[in-house]
Amino acid sequence: MVLPTILPKIAAHWLFTFYRAARKLRGHAFQYCRSSSATTTKPPPPSPVSPAAKCTVVFPDAADKAVVFGFDGALMRSAALFPYFMLVACEGGSLLRALLLLCAFPLVWALGERSDAGVRVMAFVTFFGLRPRDMDLVARAVLPKFYMEGLNAQVYSRLWLPARRKVVVTGAPRVMVEWFLKEYMAADVVVGGELHVVRVGRGRYFTGMLCGPGGSAAPALKHKALQAEALGTDNAMADVAVVGNASQLDHPCFPYGKEVYVVNRESTKTARLPRDRYPKPLIFHDGRLAFLPTPSAALAFFLFLPLGVILSVIRISIGILLPYKISFGAGALFGVRYRTSGLRAPEPGVKRRGVLYVCTHRTLVDPIMLTAALQKPVPAVTYSLSRLSEVIAPIKTVRLTRDRERDAETMSRLLEHGDLVVVCPEGTTCREPYLLRFSPLFAELADDMEPVALDAQVTTLYGTTASGHKWLDPVVFFANPQPAYRVDFLGAVPREWTRAGGRAGAEVANWVQRRLGEALGYECTGLTRRDKYMMLAGNDGVVAK
């Protein structure tokens, strides 16, 4: 009888012992390794940093100067690296690879998330067997959104913008940050770890091993790389160096800045860069994750995922099997938030040719949500819809061919039969508060049109993709804890703004686009479906038959 009372005490003692050992290992062991390696190859002595230099109350004058920025914790508000490795593992690899990385986090935490050993563990789990092309897609289409949201507004405004030459040093592999820094931020040089690549057959794959100066454990090699690659000569000195942690005395920025400034950690909490001050408008991005996967958020996501799949199946079944009047309440019971406004009852005794509902395009379920608001089936014209989506769709779908004459004939035939038709003239979905260019085809076929503002909100997973499996889009959207939809009917287009009123098709399309943009608070653009797919997927978005 004594054994059941003693076992919990023994377990608690061992857990406490392991916790203390992990803290000591993290705090002292790798400092000793660094100091022992420094005895063989001593780095150049760091330039003296006065207490005034460590104060960030007064920002240095960076106008027309060469400035070296630490990316983690200086240019970015957070110094954490794990969330961005998790994004690459999930979006470039798979959910299984992301789960393995999450399981490796206790080891990463014990080693130190920003230590050389911790970075090597995350890099190996994330990149082993990954193709460079997959990493390139993630770097272009997924990471810029999260990097942009994590920028430090004070460092960006007061130091980055006025600097003449911008050099960035990161503790992560260079391929993770280089595209963002050069394409969005116009950085001159990016210094970071290099990933080893091997060729197997006709393919190229990452080994997960860091090589080169950025990934070396010896600080001297990092310093030499920074001088040679970023500053031009072996004895060059930057005018200003900006780092994110005063305890990082082996940071490559310290020895080569005439003035060294450390970012105040308290100021970063409120230093988020507003969207209207982004270096470039963030219009297109891809990937499924709608949140920054910190360790706690990633753990919550994987714990919720099985329940999310079950909820998705139930919610889709409600839309397919139940009548429209019942589906509203049933969907609300299972967490679907839905709001509609502006719907007007048809005038009695007035026979109308088919009404063309012109909608914004947020997800593949836009026509279904519009049908639920109208309480009657409405056919939708589609382009590259998967066969599975067509089979399970509770409404009629008509596939277009992207042949203008044939598509015009198909839509005209539907309208002649008196059907109400849903059309999304953007031709593709857009997640951000922007509207893509409207094709004028719809305006040339009908005068009885009504703009409908559709907006979808998610918290965990995006229900759209440019380079992934499109047939999963409805399943992924309804797997969110509380997917939300807004449907606003804006009234019929005035006759003077139709073809019957003497307007050209392009004029009508632009008027409808502006009307929808004003209703949603979105910005209208001239970008097209092709622009989106060329940036996110490297193709024109046309699915081969």
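Figures for the structure shown
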| item | result |
| --- | --- |
| Nearby aspartates and glutamates by direct alpha-carbon distance to LYS65 (threshold 15 angstrom, same-chain neighbours under 8 apart not counted) | ASP188, ASP239, GLU259 |
| 1.4 Å probe accessible area per residue over segment 397-545, in Å² | 44 Å² |
| Phi-based couplings in Hz for segment 152-162 (Karplus 6.51, -1.76, 1.60; Gly and Pro marked x) | 7, 4, 5, 5, 5, 6, 8, 10, 5, 4, x |
| Packing-based ranking, highest mean first, of 486-496, 438-448, 299-309 given that Cβ atoms within 10 Å are counted | 438-448, 486-496, 299-309 |
| J(HN,Hα) series, segment 426-431, from Karplus relation 6.51 cos²θ - 1.76 cosθ + 1.60, nearest Hz, glycine and proline x | 5, x, 7, 7, 9, 7 |
| GLY287 long-range amide H proximity, modeled H, under 5 Å | ALA466, SER467 |
| Centre separation in Å (Cα based) which lies between segment 125-150 and segment 441-470 | 26 Å |
| For segment 77-138, accessible area per residue (1.4 Å probe, heavy atoms of protein chains only), Å² | 37 Å² |
| Long-range amide H partners of VAL260 with built H, under 5 Å | ALA241 |
| Amide H contacts under 5 Å for MET209, placed H, 5+ residues apart | HIS196 |
| Residue pairs, from the table LYS376/LYS532; LYS376/LYS470; LYS145/LYS470; LYS325/LYS396, whose Cα atoms sit over 28 Å apart | LYS376/LYS532 |
| Dipole of segment 411-540 [Lys/Arg +1, Asp/Glu -1 at C-beta], most positive-end residue of ALA506, ALA446, ALA466 | ALA466 |
| Pairwise centroid distance, computed over Cα atoms, of segment 297-329 with segment 388-430, Å | 27 Å |
| Unit charges on C-beta of K, R, D, E only; dipole of segment 429-515, Debye | 180 debye |
| Carbon and sulfur %, accessible surface of segment 355-504 computed with the full protein complex present, 1.4 Å | 50 percent |
| Heavy-atom accessible surface of segment 80-209: percent carbon and sulfur, 1.4 Å | 57 percent |
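The values are calculated or read from the model by the stated rules, or taken from the named source; none is laboratory data. Since we're looking at a predicted model, the values are computed, not measured. Counting neighbours? That spans all protein chains shown, and the Cβs are built from the backbone with ideal geometry, glycine included. The accessibility values were calculated without ligands, DNA or RNA, using every heavy atom of the protein model including side chains. Shrake-Rupley method; radii C 1.70, N 1.55, O 1.52, S 1.80 Å.
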